[in-house]
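For reference, the structure discussed in these notes is given below.
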Amino acid sequence: MQVTTTPGPVTAEQEERDLEERGLLLTSLDRMVNWARKSSIWPATFGLACCAIEMMATGASRFDLARFGAEVFRASPRQADLMIVAGRVSKKMGPVLRRIYDQMPEPKWVIAMGACASCGGIFNNYAIVQGVDTIVPVDVYVPGCPPRPEQLIHGIMMLQEKIGKERHSFRDLFSLPWKK
(Lines give C-alpha, C1' and ligand atoms only; values in the text may rest on other atoms or scores of the structure.)
Protein backbone atom coordinates (compact mmCIF):
# COMPACT_ATOMS: atom_id res chain seq x y z
CA MET A 1 0.00 0.00 0.00
CA GLN A 2 1.42 3.32 -1.06
CA VAL A 3 0.76 6.43 1.02
CA THR A 4 0.54 9.66 -0.86
CA THR A 5 0.49 13.02 0.81
CA THR A 6 -1.17 16.00 -0.66
CA PRO A 7 1.02 19.04 -0.56
CA GLY A 8 -0.19 21.91 1.55
CA PRO A 9 -0.59 25.42 0.27
CA VAL A 10 2.62 26.82 -1.20
CA THR A 11 3.68 30.09 0.38
CA ALA A 12 5.13 32.97 -1.57
CA GLU A 13 8.49 32.47 0.14
CA GLN A 14 8.67 28.81 -0.92
CA GLU A 15 7.75 29.73 -4.45
CA GLU A 16 10.41 32.45 -4.50
CA ARG A 17 13.06 30.01 -3.23
CA ASP A 18 12.08 27.48 -5.90
CA LEU A 19 12.48 30.11 -8.61
CA GLU A 20 15.86 31.18 -7.19
CA GLU A 21 17.06 27.57 -7.28
CA ARG A 22 16.12 27.42 -10.95
CA GLY A 23 18.16 30.56 -11.61
CA LEU A 24 15.37 33.10 -11.79
CA LEU A 25 15.56 36.20 -9.66
CA LEU A 26 12.36 37.98 -8.78
CA THR A 27 12.16 41.21 -6.86
CA SER A 28 10.15 44.36 -6.66
CA LEU A 29 11.30 47.66 -8.08
CA ASP A 30 11.30 49.04 -4.55
CA ARG A 31 13.77 46.41 -3.30
CA MET A 32 16.01 46.82 -6.34
CA VAL A 33 16.19 50.61 -5.95
CA ASN A 34 16.90 50.28 -2.22
CA TRP A 35 19.63 47.73 -2.90
CA ALA A 36 21.28 50.08 -5.41
CA ARG A 37 21.04 53.06 -3.05
CA LYS A 38 22.42 51.25 -0.01
CA SER A 39 25.26 49.69 -2.01
CA SER A 40 26.59 52.97 -3.38
CA ILE A 41 26.60 55.62 -0.68
CA TRP A 42 28.75 58.64 -1.47
CA PRO A 43 29.55 60.61 1.69
CA ALA A 44 30.22 64.33 1.79
CA THR A 45 33.02 65.16 4.16
CA PHE A 46 32.11 67.64 6.85
CA GLY A 47 34.89 67.16 9.38
CA LEU A 48 35.10 69.89 11.99
CA ALA A 49 37.21 68.54 14.85
CA CYS A 50 38.99 65.47 16.19
CA CYS A 51 36.26 63.12 14.91
CA ALA A 52 37.29 64.06 11.37
CA ILE A 53 40.64 62.29 11.85
CA GLU A 54 38.79 59.08 12.73
CA MET A 55 36.52 59.58 9.72
CA MET A 56 39.59 59.91 7.47
CA ALA A 57 41.07 56.78 9.01
CA THR A 58 37.86 54.92 8.15
CA GLY A 59 38.47 55.64 4.48
CA ALA A 60 42.06 54.36 4.65
CA SER A 61 43.13 50.90 3.55
CA ARG A 62 43.26 49.45 7.07
CA PHE A 63 39.49 49.69 7.56
CA ASP A 64 38.53 49.44 3.86
CA LEU A 65 35.26 51.31 3.65
CA ALA A 66 35.07 50.22 0.00
CA ARG A 67 33.62 46.89 1.17
CA PHE A 68 30.43 48.72 2.04
CA GLY A 69 30.18 50.79 -1.13
CA ALA A 70 30.96 54.08 0.62
CA GLU A 71 34.59 54.73 -0.25
CA VAL A 72 34.14 57.70 -2.58
CA PHE A 73 34.26 60.76 -0.30
CA ARG A 74 32.96 63.67 -2.33
CA ALA A 75 34.10 67.25 -1.94
CA SER A 76 31.02 68.63 -3.69
CA PRO A 77 27.65 68.32 -1.96
CA ARG A 78 25.95 68.01 -5.36
CA GLN A 79 27.63 64.63 -5.85
CA ALA A 80 27.00 63.24 -2.36
CA ASP A 81 24.00 61.60 -0.74
CA LEU A 82 25.36 61.13 2.80
CA MET A 83 26.65 63.85 5.09
CA ILE A 84 28.86 62.68 7.93
CA VAL A 85 29.01 65.51 10.47
CA ALA A 86 32.18 64.73 12.41
CA GLY A 87 32.87 66.98 15.37
CA ARG A 88 31.46 69.99 17.15
CA VAL A 89 29.41 72.49 15.21
CA SER A 90 29.66 76.14 16.21
CA LYS A 91 26.72 78.52 15.85
CA LYS A 92 28.59 80.29 13.04
CA MET A 93 29.07 77.00 11.16
CA GLY A 94 25.37 76.02 11.48
CA PRO A 95 24.12 78.00 8.44
CA VAL A 96 26.99 76.62 6.34
CA LEU A 97 26.08 73.09 7.37
CA ARG A 98 22.45 73.71 6.41
CA ARG A 99 23.42 75.22 3.05
CA ILE A 100 25.55 72.20 2.18
CA TYR A 101 22.72 69.87 3.23
CA ASP A 102 20.26 71.79 1.04
CA GLN A 103 22.62 71.48 -1.96
CA MET A 104 22.68 67.68 -1.73
CA PRO A 105 20.33 65.84 -4.11
CA GLU A 106 17.47 63.68 -2.85
CA PRO A 107 17.51 61.11 -1.30
CA LYS A 108 20.01 62.25 1.32
CA TRP A 109 21.02 60.99 4.73
CA VAL A 110 22.98 62.35 7.72
CA ILE A 111 25.22 60.61 10.25
CA ALA A 112 26.12 62.55 13.42
CA MET A 113 29.57 61.26 14.34
CA GLY A 114 30.77 61.78 17.89
CA ALA A 115 29.36 63.16 21.11
CA CYS A 116 29.81 66.78 20.00
CA ALA A 117 27.78 66.37 16.82
CA SER A 118 25.15 64.30 18.60
CA CYS A 119 24.51 66.43 21.71
CA GLY A 120 27.20 69.11 22.07
CA GLY A 121 29.58 66.86 24.00
CA ILE A 122 31.49 68.50 26.82
CA PHE A 123 30.98 71.95 25.26
CA ASN A 124 27.81 73.15 26.96
CA ASN A 125 28.16 76.83 26.11
CA TYR A 126 26.67 79.57 23.95
CA ALA A 127 29.01 79.03 20.97
CA ILE A 128 28.42 75.32 20.25
CA VAL A 129 25.25 73.82 18.77
CA GLN A 130 23.84 71.27 21.22
CA GLY A 131 23.16 68.57 18.66
CA VAL A 132 23.30 68.82 14.90
CA ASP A 133 19.73 67.52 14.73
CA THR A 134 18.60 71.07 15.49
CA ILE A 135 19.94 72.09 12.06
CA VAL A 136 19.49 69.02 9.81
CA PRO A 137 17.56 65.77 10.27
CA VAL A 138 19.87 63.00 11.52
CA ASP A 139 19.38 59.37 10.51
CA VAL A 140 22.12 57.64 12.54
CA TYR A 141 24.01 58.73 15.65
CA VAL A 142 27.52 57.33 16.22
CA PRO A 143 28.50 57.80 19.89
CA GLY A 144 32.00 58.28 21.26
CA CYS A 145 34.62 60.91 21.86
CA PRO A 146 36.04 60.40 19.28
CA PRO A 147 34.40 57.26 17.93
CA ARG A 148 36.65 54.60 16.44
CA PRO A 149 36.52 53.85 12.70
CA GLU A 150 34.79 50.55 13.49
CA GLN A 151 31.95 52.52 15.09
CA LEU A 152 31.53 54.68 11.98
CA ILE A 153 31.48 51.54 9.82
CA HIS A 154 28.78 50.14 12.10
CA GLY A 155 26.84 53.39 11.73
CA ILE A 156 27.08 53.14 7.94
CA MET A 157 25.85 49.55 8.12
CA MET A 158 22.90 50.68 10.26
CA LEU A 159 22.12 53.36 7.68
CA GLN A 160 22.26 50.74 4.92
CA GLU A 161 19.71 48.65 6.83
CA LYS A 162 17.48 51.71 7.14
CA ILE A 163 17.79 52.46 3.42
CA GLY A 164 16.96 48.83 2.60
CA LYS A 165 13.65 49.09 4.48
CA GLU A 166 12.45 52.36 2.91
CA ARG A 167 9.17 52.43 1.01
CA HIS A 168 8.79 54.63 -2.05
CA SER A 169 5.88 56.09 -3.89
CA PHE A 170 5.74 55.98 -7.66
CA ARG A 171 6.61 59.70 -7.82
CA ASP A 172 9.76 59.12 -5.74
CA LEU A 173 11.07 56.47 -8.12
CA PHE A 174 10.25 58.30 -11.34
CA SER A 175 10.52 62.02 -10.83
CA LEU A 176 11.07 64.13 -13.89
CA PRO A 177 12.64 67.55 -13.25
CA TRP A 178 10.31 69.39 -15.58
CA LYS A 179 7.14 68.00 -13.88
CA LYS A 180 7.57 69.55 -10.43
Once all protein chains are kept in place, Cys119 shows an accessible area at probe 1.4 Å, nearest 10 Å², of 80
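Just reorder Tyr141, Tyr126, Tyr101 by solvent-accessible area, largest first, 1.4 Å probe, all chains present.
Final ranking, largest accessible area leading: Tyr126, Tyr141, Tyr101.
Would you please give the FRET efficiency between Gln14 and Ala66, computed as 1/(1 + (r/R0)^6) with r the Cβ-Cβ distance and R0 = 41 Å, to the nearest 0.05?
0.70
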Listed by chain and number, the residues whose amide H is under 5 Å from that of Ile84, excluding neighbours fewer than 5 places away on the same chain and using placed H, are Ala44, Phe46, Ile111
Amide H neighbours of Ala49 at under 5 Å, excluding residues fewer than 5 places away on the same chain, with H built from the backbone geometry, are Arg88
Bridge orientation stat for segment 38-180 from DSSP, antiparallel percent rounded to 5, came to 5
In the structure shown, of Lys108/Lys162; Lys38/Lys92; Lys38/Lys165, the pairs separated by more than 22 angstrom at the C-alpha atoms are Lys38/Lys92
Going residue by residue through segment 129-139, the Karplus relation 6.51 cos²θ - 1.76 cosθ + 1.60 with θ = phi - 60° gives ³J(HN,Hα) values, rounded to whole Hz and with x marking Gly or Pro, of 5, 8, x, 6, 5, 7, 10, 10, x, 9, 8
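The values are calculated or read from the model by the stated rules, or taken from the named source; none is laboratory data. Keep in mind it's a predicted model, so treat the numbers as computed, not measured. All Cβ positions, even for glycine, are placed from backbone atoms using ideal geometry, and neighbour counts span all protein chains on display. Just the protein is used for accessible areas: all its heavy atoms, side chains included, with ligands, DNA and RNA removed. Shrake-Rupley method; radii C 1.70, N 1.55, O 1.52, S 1.80 Å.
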